[in-house]
Amino acid sequence: MDQSKKPIYLDCHATTPVDPRVAEAMMPYFTEKFGNPHSSGHFYGWEVAEAIEIAREQVAALINAEPEEIFCTSGATEANNTAIKGVARFYREHRNHLVTAVSEHMCVLDSCFQLEREGFDVTYLQVGSDGLLDLEELKAALTDQTILVSIMSVQNEIGTIQPMAKIGAICRERKVFLHTDAAQAVGKIPIDVKQMKIDLLSLTAHKIFGPMGIGALYVGKKPRVRLEPIFSGGGQEKGLRSGTLAPALCVGLGEALRIADEEMLEDAARLGALRDQMWQRLYGAVPGLVLNGSMTNRIGVNLNFSVDGADAESLMAALPGLAVSSGSACSSASDDSSHVLKAIGLSNALAEASLRIGLGRFTTADEVESATKQLVKAITKVRDGRYEIAAAE
Ligand SMILES: *Cc1c(COP(=O)(O)O)cnc(C)c1O
């Protein structure tokens, strides 16, 4: 496709482009610096191992962890699986209960479903129409059998920011480990694992302008968390994650987080203002739009709304100039409408008429302006049935 005619990319919750500075930092590790980081007997291994340790420091710095608490994984899916299954299986002789929420990412929920098949008990907390947990319900769910609470820091469809410091305080007081899927939070809002009392945290580079295929799991040392590894093998990453690390990807992850550390607040302010303008204009111009989630406790780059009286399939078809995402079956991998939108109380019809917009570092004011105009036009068209007529002609 002619590059200039590509749709405007507003799907940054799905993935983000690699920042050119990140790509540049990665390049030498494909070619001249090609050693195996685990080759401890010569220079080729050393120079690459050293680069990985710098990346580990960069990741640790952004979340106020120690470098030795950072373990590289292939992404947030693997980090979530490792954290949840790893902790549950390690402590199974002592405790057998976990707590999570119905609005978690499928990789968290599916890990819990697997643990239920292995004999663990799991409590799935409900969330309100704003996507927030009820902290009293969380407290009431904890028992002397609870080993782990897993709650995402930022929801990937509706952008809800959970009060992690409050959740952390509750868990620490009850001596229950807290894991958070922070794939949509790290690099976008300040996260401090010490202040928030987070014991395990998952992140992924490709949501933060880094490459796909690399992420990290933070495993706290104080209090010490133990995990049963998922992979068997050479014992890399202190035995937690066997397999040769991908140095170029590790360097990319580190550089992405280094840049986020410097530019996050500035990006968030600019993009939050653009998102607010977009919603105000849409809401003012088109009747019957329903905001999914609430505008408070919501990440600034996210917008998710349903279009009463339309369906996402027609909407998406009427929006060839935009790359956005919908909560309906046609555009997602699963064959259900979004479990998250249902969890906040939407009907199937409204859940299937939803659009998710995710802004990112490279989104410009002009793009948001053009996208807003395209949305107003497309929604009006689809509502009037004019789109179907036009398409049929
Ligand atoms: C993208 C995402 C994941 C999965 O991350 P991968 O690195 O693609 O495996 C998990 N959780 C959340 C909240 C996400 O947004």
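Coordinate-derived values only; no laboratory data. Since the structure is predicted, the reported quantities are computational estimates derived from the model, not experimental observations. Cβ: placed from backbone, ideal geometry, glycine included. Neighbour counts: every protein chain shown.
Brief remarks follow.
- Degrees between helix 247-285 axis and first principal axis of the chain (Cα, 0 to 90, nearest 10): 30
- Calculated FRET efficiency for the pair Ser347/Asp276, C-beta based, R₀ 41 Å, to 0.05: 0.95
- Inter-site label distance for Glu24 and Gln114 at 7 Å from Cα along Cβ, in nm: 4.0
- Signed unit charges on C-beta, dipole axis of the chain, positive-most listed residue Leu282, Gly213, Ile147: Ile147
- The sum of -39500 (n - 2.57) across all DSSP H runs of n ≥ 4, divided by the residue count of the chain, sets its helix-only mean residue ellipticity at 222 nm to -12500 deg cm²/dmol.
- Rounded Å value of the spacing that divides the Cα centres of the range 160-192 and the range 283-306: 24
- Site pair Thr143 and His94 shows an inter-label distance of 1.8 nm when each label is modelled 7 Å from Cα along Cα→Cβ.
- Highest mean packing comes first when the peptides 338-344, 250-256 are listed by Cβ atoms within 10 Å, giving 250-256, 338-344.
- Taking 0.36 nm per residue of sequence separation and removing the Cα-Cα distance, the His42/Glu313 pair yields an extension gain of 91.9 nm.
- FRET efficiency estimate (nearest 0.05) - Cβ-Cβ, Ser370 to Glu262, R0 30 angstrom: 0.55
- Among Gly272, Gly128, Gly210, residue whose mean-square fluctuation peaks in a GNM of the chain (springs only between Cα atoms under 10 Å): Gly128
- Cα-centre dipole for the chain with unit charges at Cβ (Lys and Arg positive, Asp and Glu negative), debye to 20: 540
- Remark: for residue pairs Lys5/Lys207; Lys85/Lys197; Lys139/Lys197; Lys85/Lys238; Lys139/Lys207; Lys197/Lys238, the C-alpha separation exceeds 27 Å in Lys139/Lys207.
- Excluding same-chain neighbours fewer than eight residues apart, the aspartates and glutamates reachable from Lys188 by a Cα-Cα span under 16 Å are Asp11, Asp19, Glu157, Glu255, Asp261, Glu262, Glu263, Glu266, Asp267.
- Cβ-defined net charge surrounding Asp11, 13 Å radius [Lys, Arg +1; Asp, Glu -1]: +1
- Considering only beta bridges that DSSP places wholly inside the range 20-259, some 45 percent are antiparallel.
- Each Lys or Arg adds one and each Asp or Glu subtracts one; over the other residues with Cβ under 12 Å from the Cβ of Val368, this totals 0.
- Estimated Rh, the chain: Kirkwood, alpha-carbon pairs, angstrom: 22.0
- Shape call, the range 108-170: gyration tensor on alpha carbons, a/c limit 1.5: oblate
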